[in-house]
1. Quick one: in the range 317-341, which of the residues that are at pLDDT below 80 and in a strand (DSSP E or B) is most open to solvent (accessible area, probe 1.4 Å)?
2. Can you tell me which residue is nearest to residue 36 (Cα to Cα) among those in the range 84-106 that are of a type in the set (A, V, I, L, M, F, W, C) and surrounded by fewer than 17 Cβ atoms within 10 Å (Cβ to Cβ)?
3. Modelled with pLDDT of 80 or more and either among the hydroxyl-bearing types (Ser, Thr, Tyr) or in a loop (DSSP other than H, G, I, E, B) (or both): does that describe residue 91?
4. What number of residues within the range 253-306 are of a type in the set (Val, Ile, Thr), part of a helix (DSSP H, G or I) and touching a Gly at 6+ places or on another chain (Cβ under 9 Å)?
5. Between a residue in the range 20-40 that is closer than 18 Å to residue 174 by Cβ and any residue that is part of a helix (DSSP H, G or I) and among the β-branched types (Val, Ile, Thr), which pairs come within a Cβ distance under 8 Å, given they are 6 or more apart or on different chains?
6. Cβ-Cβ below 6 Å, separation at least six or inter-chain, first residue in the range 240-268 and closer than 30 Å to residue 407 by Cβ, second open to solvent by less than 100 Å² (accessible area, probe 1.4 Å): which pairs?
7. Among all residue pairs at least 6 apart or on different chains, which show Cβ distances below 6 Å where the first residue, located in the range 167-186, is under 16 Å from residue 20 (Cβ atoms) and the second is open to solvent by 90 Å² or more (accessible area, probe 1.4 Å)?
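The values are calculated or read from the model by the stated rules, or taken from the named source; none is laboratory data. Predicted model only: the values in this text are computed from it and were never measured. Here the Cβ is made from the backbone with ideal geometry for all residues, glycine too, and neighbour counts use every protein chain on show. Quick note on the areas: whole protein, heavy atoms, side chains included, nothing else; ligands and nucleic acids left out. Shrake-Rupley method; radii C 1.70, N 1.55, O 1.52, S 1.80 Å.
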Amino acid sequence: MRSLHQWPLGAKLSLTAAPFLLLALCAMAVLVWMSLQLEGGAAAVNEAGRMRMQAYRMVLSADRSGTAGLTQQTAEFERSLQLLRQGDPERPLFVPWDDTVRQRFAAVEQDWQRFRSRLASVAPVSAPVSAPVPAPVSAPTTLDTDAADFAAHIDHFVAGIEAHLARWTALMHLLQIALMALAVLGAAVLLYTGHLFVLEPVGLLKQAIHRIQGGDLGARVARTTNDEFGTLAAGFNDMAGQLQSMYRNLEGRVQEKTAQLEEKHERLTSLYEVTTRVTKAATLEELASGFTKSVARIARADGVALRWSDEANKSYLMLASHGLPQAMLDAEHCLAAGDCHCGSPQAAPGARVIPIRAMQPARKDHCARAGFQTVVSVPIRLHERLMGEVDLFFHAQVELSDDERALLEALTLQLAGAM
């Protein structure tokens with residue numbers, strides 16, 4: 001059997017409300033049945049009261065009228081007894097039978113047989129006017145006594161019915177109180193169920209929404225049920241995850257664009273700095289020294305060498321340097337073309353990244369002894385003429401991006417024009 005948390009919301013609410021509904025329907029059905037019984041019992045009391053009146057009328061008829069009127073009243077009394085015995089669902093009229101009521105009704109029927117015989121014995125017979133029949137003097141007194149005894153038995157019968165109805169009335173009042181208590185209990189249970197299965201999930205969802213509105217895109221709703229609110233929580237978590245992913249992607253794109261802008265700004269700043277140095281430099285030495293320092297800072301190089309070539313590109317003279325050891329400066333103050341990867345007029349145009357470990361043993365190894373691992377060589381050209389080169393030395397292995405290559409080539413072009 002599935003856990004209650006796995007049930008749909010409608011099934012949970014129905015399961016909670018169904019017992020109270022069934023109990024309320026049963027209680028109302030019992031109340032309706034008891035109301036009919038009370039109504040039928042009240043009608044039976046009225047009918048029994050009418051029988052008392054009929055008994056006294058029959059006594060008067062026996063004293064003053066003929067047998068015709070007494071016969072009609074006797075038949076009417078018989079019909080009343082039959083009505084009490086069988087009941088009448090249409091009125092309704094029901095005698096609430098129990099042992100006491102049955103005994104008293106049987107006593108009424110036995111007394112009725114004796115009382116009817118007594119009425120028949122004392123009833124006057126219709127006769128001609130010329131021959132009147134005198135009535136006995138003592139008969140009315142005896143008949144009145146019998147009628148009073150018979151009415152007393154009817155009163156006992158009515159008292160039994162009323163006692164039975166009183167018990168039913170007390171039970172009906174208790175049932176009404178129980179129904180009120182059931183209504184209060186059912187309302188309390190439904191309120192608790194609504195809070196547990198409806199208000200609490202809605203509150204958790206509301207808290208998560210407020211957290212997301214506050215910028216916490218990692219807010220999630222714990223899915224503890226498989227009902228409609230569980231499905232809603234899963235959908236909310238999926239939506240929050242997509243928002244978080246989109247925000248991360250957007251944040252990454254913003255950072256990427258920011259980095260690109262910063263890189264372009266740095267490039268423009270570098271170009272402006274070199275242009276300013278070129279413009280303000282009064283001597284060749286000042287121009288070369290300032291350029292090497294600026295390029296070392298811009299390219300984050302550990303060392304920079306600015307070499308100038310002769311007309312035939314046979315040798316390269318070091319005009320300025322920055323960050324290079326003195327031994328390396330002395331050894332490479334004037335470098336013949338082809339002695340090393342640096343100072344190579346036959347190299348392809350553009351910046352070259354030269355791993356020092358890949359140098360041939362025959363080449364000069366001053367940079368390797370100085371601890372450098374990578375050389376970036378950028379030729380200085382003006383109108384297709386090779387004027388020299390800028391060599392950047394790094395203690396680590398580096399790679400150049402297209403933007404870095406373009407920046408270094410733009411800087412050397414500025415230098416070529418200034419030289």
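1. Per the stated criteria, the residue is 334.
2. Per the criteria, the residue is 97.
3. Yes: the conditions hold for residue 91.
4. Summing the residues that are of a type in the set (Val, Ile, Thr), part of a helix (DSSP H, G or I) and touching a Gly at 6+ places or on another chain (Cβ under 9 Å) in the range 253-306 gives 3.
5. Close Cβ pairs satisfying both conditions: 38/169.
6. 267/407
7. These pairs meet every condition: 182/23.
Yes/no matrix, rows are residues, columns are (1) more than 12 Å from the chain's Cα centre (by Cα); (2) aromatic (Phe, Trp, Tyr); (3) at positive phi; (4) modelled with pLDDT of 90 or more:
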{"residue": "167", "(1), (2), (3), (4)": "yes, no, no, yes"}
{"residue": "173", "(1), (2), (3), (4)": "yes, no, no, yes"}
{"residue": "176", "(1), (2), (3), (4)": "yes, no, no, yes"}
{"residue": "180", "(1), (2), (3), (4)": "yes, no, no, yes"}
{"residue": "192", "(1), (2), (3), (4)": "yes, yes, no, no"}
{"residue": "197", "(1), (2), (3), (4)": "no, yes, no, no"}
{"residue": "202", "(1), (2), (3), (4)": "no, no, no, no"}
{"residue": "205", "(1), (2), (3), (4)": "no, no, no, no"}
